[in-house]
Amino acid sequence: MRTLSDIAEEYDFLDADERYRLLIELGRELEPMPAALKTDATLVRGCSALVWVYPTGDADKLHFLADSNAAITKGIVALVVSAVEGLPASEVAAMDVTAALEPFDLKNQLSSNRTQGVPNMIALVKQHAARIASG
């Protein structure tokens, strides 16, 4: 998975259509999420598309599996995951993920339908991290 800074560097040079393509590409690069993990417990609420996030790894180094039934939304969740990938759970639990994603200006780049679930994606990732950090 690409780092958030690498993605941001590329994103800066792209026009709006190319940014959409980059998000779709990021979604395609996600590690496949087994269907058995796509449950009500891993479902992100409040998204216009179906989105699932499942934590793996441990307290020292988080890893997330994520998926969506919509290509752009899958790219957005890939962006959220890349912001926290490989970090300690305690760091993610305390992290301002929204601030980390600000360089992408998603609210102005995408429709409100596509971005309405982003805060919920972030909240679920942080909840998982807090749970894992607390043991």
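The values are calculated or read from the model by the stated rules, or taken from the named source; none is laboratory data. Here the structure is a predicted model, which is why all the values come from computation and not from measurement. Cβ: placed from backbone, ideal geometry, glycine included. Neighbour counts: every protein chain shown. With ligands, DNA and RNA removed, areas are computed over all heavy atoms of the protein, side chains included. Shrake-Rupley method; radii C 1.70, N 1.55, O 1.52, S 1.80 Å.
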Q. Hey, any hits in segment 80-96 for a residue that's over 25 Å from Ala133 (Cβ atoms) and open to solvent by less than 40 Å² (accessible area, probe 1.4 Å)?
A. no
Q | Residue satisfying condition, being in contact with a helix residue (DSSP H, G or I) (Cβ under 9 Å, 6 or more places away or on another chain) and under 23 Å from Glu9 (Cβ atoms), within set Ala78, Ala59 | A | Ala78
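Residue-by-condition table, conditions (1) at positive phi; (2) out of contact with any helix residue (DSSP H, G or I) (no Cβ under 6 Å at 6 or more places or on another chain); (3) touching a residue at least 12 places away in the same chain (Cβ under 8 Å):
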| site | (1), (2), (3) |
| --- | --- |
| Lys38 | no, yes, yes |
| Leu43 | no, yes, no |
| His63 | no, yes, yes |
| Ala71 | no, no, yes |
| Glu85 | no, yes, yes |
| Met95 | no, yes, yes |
| Gly117 | no, yes, yes |
(Q) So, in segment 36-68, how many residues would count as being among the β-branched types (Val, Ile, Thr) and either over 17 Å from His128 (Cα atoms) or surrounded by 14 or more Cβ atoms within 10 Å (Cβ to Cβ) (or both)? (A) 4
Q) Just checking, how many residues over segment 65-114 are within 21 Å of Ala16 (Cα to Cα), part of a loop (DSSP other than H, G, I, E, B) and not hydrophobic (A, V, I, L, M, F, W, C)? A) 2
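From the list Met1, Met33, which one is under 24 Å from Ala130 (Cα atoms) and modelled with pLDDT under 95?
Details: Met33 fails: modelled with pLDDT under 95.
Just one listed residue meets the conditions, Met1.
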Q) All but one of (1) modelled with pLDDT of 95 or more; (2) closer than 12 Å to Val118 by Cβ; (3) not acidic (Asp, Glu) hold for Ile72; which doesn't? A) (1)
**Q.** Positions within segment 2-34 being open to solvent by 40 Å² or more (accessible area, probe 1.4 Å) and touching a strand residue (DSSP E or B) at 6+ places or on another chain (Cβ under 9 Å), in sequence order
**A.** Glu31, Pro32, Pro34
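Determine whether Asn108 is at pLDDT 95 or above, more than 13 Å from the chain's Cα centre (by Cα) and over 24 Å from Arg131 (Cβ atoms). Explain how you work it out, then say what you get.
Details: at pLDDT 95 or above: no; more than 13 Å from the chain's Cα centre (by Cα): yes; over 24 Å from Arg131 (Cβ atoms): yes.
Against the criterion (at pLDDT 95 or above, more than 13 Å from the chain's Cα centre (by Cα) and over 24 Å from Arg131 (Cβ atoms)), Asn108 does not qualify.
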Q: Select from segment 112-129 the residues that are open to solvent by 50 Å² or more (accessible area, probe 1.4 Å) and either aliphatic (A, V, I, L, M) or over 12 Å from Val53 (Cα atoms) (or both) and list them in ascending order.
A: Ser112, Asn113, Arg114, Gln116, Pro119
